Amino acid sequence: MKIAIMGAMPEEIAPILKKLGNYTTTEYAKNKYYEASYKGVDLVIAYSKIGKVFSTLTATTMIEHFSATQLLFSGVAGAISPSLKVGDLIVATKLSQHDLDITAFGHPFGFVPEGAVFVEADKSMIELSKEVALDMGKIVQEGIIATGDQFVANEERKNWIGSTFGADALEMEGASVAVVCDALNVPFFILRAISDAADMDASFSFDAFLETSAVESAEFVMKMVDKILDKNAK
Ligand code: ADE
């Protein structure tokens, strides 16, 4: 077993590296990968840089080069659902690419032939996250996450994404990571803490809350790792 923990930005993995303290650094494909042993299990940690292309590269590298057997993503997102406020956690049940558009050929948004509009996250890790939430006394919502190469700071675009995909939150990496993990048969878990409401104030809110929300998400993801190890030991 080797667990990959991935973020998109340095701030999203910094709390994890801080907690681990001791790790080695390897440069590969113009990125840094951090490896550590945690409670007897091997971890590989990296931030990809923002967007679907970089996150695809990093997820693939973690699996194909670093031999990760499962992948957990930690980071921040913009809220679509009004029930999600800054700092709240959302676990993705399924993910879609909101900017994938060949509707001109009669296909639905988010679809290309031989692909699927949604990729579902690993159900057993979602179940584990409920136990973690209980242990931590936290409320964690489950929902659909929409991903695109766009920082959404526009009520109209946000509402379109919400109504087209039934999405509760949006970000810029989850669905591409999901496509990679699904194709390579690696169970994955995508967690996000809300940093903004994807509206006209989004960039200010993002800057103000990136760090604190990233910490919320990272702490939860490390508890997920603990829970996975607990279950594995039994
Ligand atoms: N990640 C966090 N907030 C976001 C937003 N408003 N748009 C895209 N990705 C985000």
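Lys227: which aspartates and glutamates have alpha carbons under 12 Å from its alpha carbon, excluding same-chain residues fewer than 8 sequence positions away?
Excluding near neighbours in sequence, the set is Glu127, Glu131, Asp135.
In the chain, if the dipole is taken from +1 on Lys/Arg beta carbons and -1 on Asp/Glu beta carbons about the Cα centre, which of Leu57, Phe206, Gly148 is farthest to the positive end?
Toward the positive end, the furthest listed residue is Leu57.
Within the accessible area of the chain, what % is carbon and sulfur when the probe is 1.4 Å and the other protein chains stay in place? Write down the numbers at each step before the final one.
On the way: 5690 of 10570 Å².
So the carbon and sulfur contribution to the accessible surface is 54 percent.
Grab every C-alpha pair in the chain, bin the distances at 10 angstrom width from 0 up to the longest one, and report whole percents.
Percent of Cα pairs in each bin: 8, 36, 38, 16, 2, 0.
Would you list the membrane-span-like helices of the chain, meaning whole DSSP H runs whose alpha-carbon atoms span at least 30 Å along their axis and whose mean Kyte-Doolittle value is at least -0.5?
Sorted by number, the helices that extend far enough and score high enough are 202-233.
Let a ≥ b ≥ c be the square roots of the eigenvalues of the Cα gyration tensor of the stretch 32-120; is it rounded (a/c under 1.5), or, if not, prolate (a/b larger than b/c) or oblate? It would help to have the intermediate numbers written out before the result.
Numbers: a/c = 2.47, a/b = 1.45, b/c = 1.70.
Taking the square roots of the gyration eigenvalues as a ≥ b ≥ c, the stretch 32-120 is oblate.
Return one whole number: the accessible area per residue of the chain in Å², for a 1.4 Å probe.
For the chain, the per-residue accessible area is 45 Å².
Given an 8 Å cut-off on Cα distances and at least 6 residues of separation, report the relative contact order of the chain as a percent. Kindly include the intermediate steps, with their values, before the conclusion.
On the way: 506 pairs, mean separation 64.6, N = 234.
Relative contact order of the chain: 28 percent.
Give me the number: length gained by fully extending Glu120 to Lys32, i.e. 0.36 nm times residue separation minus the C-alpha to C-alpha distance, one decimal in nm. Kindly include the intermediate steps, with their values, before the conclusion.
Details: separation 88, 0.36 × 88 = 31.68 nm, distance 2.80 nm.
In short, 28.9 nm is gained.
Rounded, prolate or oblate for the stretch 125-191? Axes are the square roots of the Cα gyration tensor eigenvalues, ordered a ≥ b ≥ c, and the cut-off for rounded is a/c under 1.5.
On the way: a/c = 2.64, a/b = 1.33, b/c = 1.98.
Oblate.
What ranking do 40-47, 1-8 get when scored by the average of other Cβ atoms within 10 Å per residue, highest first?
Working: 40-47: 19.9, 1-8: 23.4.
Highest mean packing first, the order is 1-8, 40-47.
May I ask you to list the trypsin sites (Lys or Arg not before Pro) in the stretch 5-76 that are in a DSSP loop and have at most 13 other Cβ atoms within 10 Å of their Cβ?
Numbers: sites: Lys18, Lys19, Lys30, Lys32, Lys39, Lys49, Lys52; in loops: Lys30, Lys39, Lys49.
In loop regions of the stretch 5-76 (DSSP not H, G, I, E or B), the sparsely surrounded trypsin sites (Lys or Arg not before Pro) are Lys30, Lys39.
Gap in Å between the Cα centre of the stretch 165-234 and the Cα centre of the stretch 1-64?
14 Å
Can you classify the stretch 100-234 as rounded, prolate or oblate using the Cα gyration tensor, where a ≥ b ≥ c are the square roots of its eigenvalues, rounded means a/c under 1.5, and otherwise it's prolate if a/b beats b/c and oblate if not? Numbers along the way, then the final one.
Working: a/c = 2.48, a/b = 1.27, b/c = 1.95.
Note, shape of the stretch 100-234 comes out oblate.
Treating only the Cβ of Lys, Arg, Asp and Glu as charged (+1, +1, -1, -1), what charge dipole size does the chain show about its Cα centre? Round to the nearest 20 debye.
Values: 20 positive and 32 negative charges, 135 e Å.
Dipole about the Cα centre, nearest 20: 640 debye.
In the stretch 83-194, how many lysine pairs have Cα atoms under 20 Å apart, counting only pairs 8 or more places apart or on different chains? It would help to have the intermediate numbers written out before the result.
Values: Lys85/Lys130; Lys85/Lys138; Lys85/Lys158; Lys94/Lys123; Lys94/Lys130; Lys94/Lys158; Lys123/Lys138; Lys130/Lys138.
Count of close lysine pairs: 8.
The values are calculated or read from the model by the stated rules, or taken from the named source; none is laboratory data. The structure displayed is predicted, hence computed values, not measured ones. For neighbour counting, all protein chains shown are included, and Cβ atoms are generated from backbone atoms with ideal geometry for every residue, glycine included. SASA here: full protein model, heavy atoms, side chains in, ligands and nucleic acids out. Shrake-Rupley method; radii C 1.70, N 1.55, O 1.52, S 1.80 Å.
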